[in-house]
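Student: Below is a structure I'd like to ask you about.
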Amino acid sequence: RMELLEDVSLKRMLYEKPDTLKPPRTDVLLVTPWLAPIVWDGSFNIDILNAQFHQRHVRIGLTVFAIKKYIVFMKPLLETAEKFFMVGHKVNYYVFTDRAKEMPNITLANGRQLEVLEVPSYKRWQDVSMRRMEMIRDYSQKKFINEVDYLVCVDADMKFMDEVGVEILSDVFGTLHRAFYGASRTQFPNERRKASAAYIPPDEGDFYYSGSIFGGTVEGVHKLTNFCHHEMLTDKENNIEAIWHDESYLNKYFLYHKPTKVLSAEYHWENYPGVGTIIKKKRFVLIRKNDTAIRNK
Ligand code: UDP
Ligand code: MN
């Protein structure tokens with residue numbers, strides 16, 4: 001694990017002393033019971049983190065699927081990523097699509113590359129969504145492992161509105177779903193049918209994680225996606241499909257393979273008007289879409 005092995009030595013830096021008796025936030029949970037950080041605005045110093053990650057010459061891959069009509073989301077997603085995603089670091093964008101010809105031209109800053117990966121599409125949007133796990137798994141093993149250190153895997157119907165940087169990186173991370181970060185276990189929309197491999201009993205579950213953004217080291221993402229794909233196939237053999245598709249299998253994975261970092265809902269928000277008291281930065285937000293007009297097209 002490079003996080004532990006690599007020797008990072010920092011130069012002199014001036015910043016406010018962390019205060020043991022005065023936590024930066026008292027309105028939100030900053031650490032899980034298994035001691036994984038929960039990343040909220042105000043809880044980290046990006047200058048320290050950037051200095052550490054720059055020394056490691058970290059390479060980050062952003063994977064996104066733009067199958068069928070979802071290709072229209074690539075321009076807003078990638079243009080805003082150029083402004084806000086891992087600025088100053090080495091970034092590879094990996095766009096999985098069946099419509100390579102419709103890929104827009106995006107001007108990229110130095111040290112950033114875009115690669116279009118042609119993949120087959122599936123008829124049902126649920127299958128398009130779920131099969132992402134299989135494809136990320138396969139490409140992790142045959143390609144990403146040779147090209148990047150970390151992967152950030154996101155939905156297409158999203159855009160960046162504020163900084164998303166190396167504070168999110170860890171062995172394996174999940175993100176608090178914007179609609180359920182304050183919810184109780186029984187309110188989590190987990191799969192509740194015992195027949196499904198994604199089943200989570202109502203007295204278990206830590207958080208409800210979004211299927212729209214997760215990641216980790218290539219190895220960490222490989223394990224996660226391999227698990228989710230296998231559980232999906234098991235369900236398929238039994239003629240059952242988890243209620244929220246890949247998101248349900250992801251939640252099952254994180255229940256028994258705890259994430260090493262958890263991103264707050266700042267990283268999976270919606271462009272609601274104004275800034276809340278809890279959500280101080282709308283970093284990564286979903287684009288409202290007309291599902292019937294865009295799905296299965
Ligand atoms: N997707 C796609 N083409 C489709 C359906 C889905 O590329 O026809 C991909 C795309 O990356 C999308 C993700 O699968 O963001 C999940 O689907 P969607 O965003 O519609 O699910 P929601 O976030 O609305 O639950
Ligand atoms: Mn989406």
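The values are calculated or read from the model by the stated rules, or taken from the named source; none is laboratory data. What you are looking at is a predicted structure, and each value in this text was computed from that prediction instead of being measured. Please note: Cβ atoms are built from the backbone with ideal geometry, for glycine as well, and neighbour counts cover all protein chains shown. Only protein heavy atoms, including side chains, enter the accessible area calculation; ligands, DNA and RNA are left aside. Shrake-Rupley method; radii C 1.70, N 1.55, O 1.52, S 1.80 Å.
Student: When only residues in region 148-186 that are under 25 Å from Ser43 (Cβ atoms) and among the polar types (S, T, N, Q) count, which is surrounded by the fewest Cβ atoms within 10 Å (Cβ to Cβ)?
Tutor: The residue in question is Ser184.
Student: Consider Pro189 against the criteria (1) within 16 Å of ligand 1 (Cβ to nearest atom); (2) open to solvent by less than 10 Å² (accessible area, probe 1.4 Å); (3) outside any helix (DSSP H, G or I): it satisfies all of them except one. Which criterion is unmet?
Tutor: (2)
Student: OK, next. Between residues in region 285-296 that are more than 15 Å from Phe65 (Cβ to Cβ) and more than 10 Å from ligand 2 (Cβ to nearest atom) and residues that are of a type in the set (D, E, K, R) and open to solvent by less than 80 Å² (accessible area, probe 1.4 Å), which pairs lie under 7 Å by C-beta distance while being six or more apart or on different chains?
Tutor: The qualifying pairs are Val285/Lys159; Val285/Glu270.
Student: Among the numbered criteria (1) part of a loop (DSSP other than H, G, I, E, B); (2) under 22 Å from Asp149 (Cα atoms), which single criterion is violated by Asp203?
Tutor: (2)
Student: Filter region 32-87 down to residues that are within 19 Å of Val262 (Cα to Cα) and among the aromatic types (Phe, Trp, Tyr) and give me whichever is nearest to ligand 1 (Cβ to nearest atom).
Tutor: Phe85
Student: Shifting gears a bit: Could you tell me whether region 261-268 includes any residue that is within 11 Å of ligand 1 (Cβ to nearest atom), open to solvent by 10 Å² or more (accessible area, probe 1.4 Å), under 15 Å from the mean Cα position of the chain (by Cα) and at negative phi?
Tutor: no
Student: While we're looking at this one, here's another question. Conditions: (1) touching a residue at least 60 places away in the same chain (Cβ under 8 Å); (2) of a type outside the set (A, V, I, L, M); (3) open to solvent by less than 20 Å² (accessible area, probe 1.4 Å); (4) within 16 Å of ligand 2 (Cβ to nearest atom). Arg124 meets all but one. Number of the miss?
Tutor: If we test Arg124 against (1) touching a residue at least 60 places away in the same chain (Cβ under 8 Å); (2) of a type outside the set (A, V, I, L, M); (3) open to solvent by less than 20 Å² (accessible area, probe 1.4 Å); (4) within 16 Å of ligand 2 (Cβ to nearest atom), just (3) comes out false.
Student: Exactly one of (1) buried (at least 18 other Cβ atoms within 10 Å of the Cβ); (2) under 18 Å from the mean Cα position of the chain (by Cα); (3) more than 23 Å from Asn146 (Cα to Cα); (4) within 16 Å of ligand 2 (Cβ to nearest atom) is unmet by Ile71. Its number?
Tutor: (2)
Student: Looking at region 67-91, I want the residues that are farther than 25 Å from Ala51 by Cα and have a partner that is modelled with pLDDT under 95 and open to solvent by 60 Å² or more (accessible area, probe 1.4 Å) with Cβ atoms under 6 Å, at least 6 apart or on another chain. Which pairs are those?
Tutor: Lys68/Lys297; Lys69/Lys297
Student: For region 249-262, how many residues meet the condition of being more than 14 Å from ligand 2 (Cβ to nearest atom) and either in contact with a Gly (Cβ under 7 Å, 6 or more places away or on another chain) or assigned to a helix (DSSP H, G or I) (or both)?
Tutor: Here the count works out to 9.
Student: In addition: Just to check your reading of the model, which residue among Ile240, Ile279 is assigned to a loop (DSSP other than H, G, I, E, B), more than 15 Å from ligand 1 (Cβ to nearest atom) and in contact with a helix residue (DSSP H, G or I) (Cβ under 6 Å, 6 or more places away or on another chain)?
Tutor: Result: Ile279 is the single residue among Ile240, Ile279 that is assigned to a loop (DSSP other than H, G, I, E, B), more than 15 Å from ligand 1 (Cβ to nearest atom) and in contact with a helix residue (DSSP H, G or I) (Cβ under 6 Å, 6 or more places away or on another chain).
Student: Condition first: within 15 Å of ligand 1 (Cβ to nearest atom) and among the acidic types (Asp, Glu). Can you find one or more residues in region 155-175 that meet it?
Tutor: Yes: region 155-175 contains one or more residues that are within 15 Å of ligand 1 (Cβ to nearest atom) and among the acidic types (Asp, Glu).
Student: In addition: As an exercise: evaluate Val119 against (1) open to solvent by 20 Å² or more (accessible area, probe 1.4 Å); (2) touching a Lys or Arg at 6+ places or on another chain (Cβ under 9 Å); (3) not polar (S, T, N, Q) and give the number of the one condition it does not meet.
Tutor: Of everything listed in (1) open to solvent by 20 Å² or more (accessible area, probe 1.4 Å); (2) touching a Lys or Arg at 6+ places or on another chain (Cβ under 9 Å); (3) not polar (S, T, N, Q), Val119 misses just condition (1).
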